[in-house]
Amino acid sequence: QVQFVESGGGLVQPGGSLRLSCAASVTLFRLYTMAWYRQAPGNQRELVASIRPGGITNYTDSVKGRFTISRDNAKKMVYLQMNSLKFEDTAVYYCNARSGRLDYWGQGTQVTVSS
């Protein structure tokens, strides 16, 4: 059974930083595209950032230059470093692992940006 352990969410002031972590107990982790999605109240879930097995990354425009996704295949971990946080970054952030038709989701971690 695939399990995710997400951590690092919390309350932060505008301009602050957080680092999200996701430990994924998937077999052959290195073959998965790992991603972070987020969903704010009343909004659809949206892709924030993804990283392919080879390390190619992709970011939604609103976080480019502020967020960095990375992975550690040996530890089966994916990270999201979030800097210069804005009010509009407030959401539940979800870890996702995808390979072919395999698609797994974490339970989510709350990020709240508030003064």
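Worth a mention:
- Filtered by the rule that a residue be over 13 Å from the mean Cα position of the chain (by Cα) and free of Cβ contacts under 8 Å to residues at least 40 places away in the same chain, segment 53-75 gives PRO53, GLY54, GLY55, ILE56, ASP61, SER62, LYS64, GLY65, ARG66, ASP72, ALA74.
- Among the residues of segment 65-115, just one is under 18 Å from LEU47 (Cβ atoms), assigned to a helix (DSSP H, G or I) and open to solvent by 80 Å² or more (accessible area, probe 1.4 Å), namely GLU88.
- Enumeration of residues in segment 7-18 that are more than 11 Å from VAL111 (Cβ to Cβ) and not in a loop (DSSP other than H, G, I, E, B): SER7
- Scanning segment 24-42 for residues that are open to solvent by less than 30 Å² (accessible area, probe 1.4 Å) and not in a strand (DSSP E or B) gives VAL26, PHE29, TYR32, ALA40.
The values are calculated or read from the model by the stated rules, or taken from the named source; none is laboratory data. Computed from a predicted model, the values in this text were never measured in an experiment. Backbone-built Cβ (ideal geometry, glycine too); neighbour counts: all protein chains shown. Ligands, DNA and RNA are stripped out before the accessible areas are found, and what is left, the full protein with its side chains, is counted by its heavy atoms. Shrake-Rupley method; radii C 1.70, N 1.55, O 1.52, S 1.80 Å.
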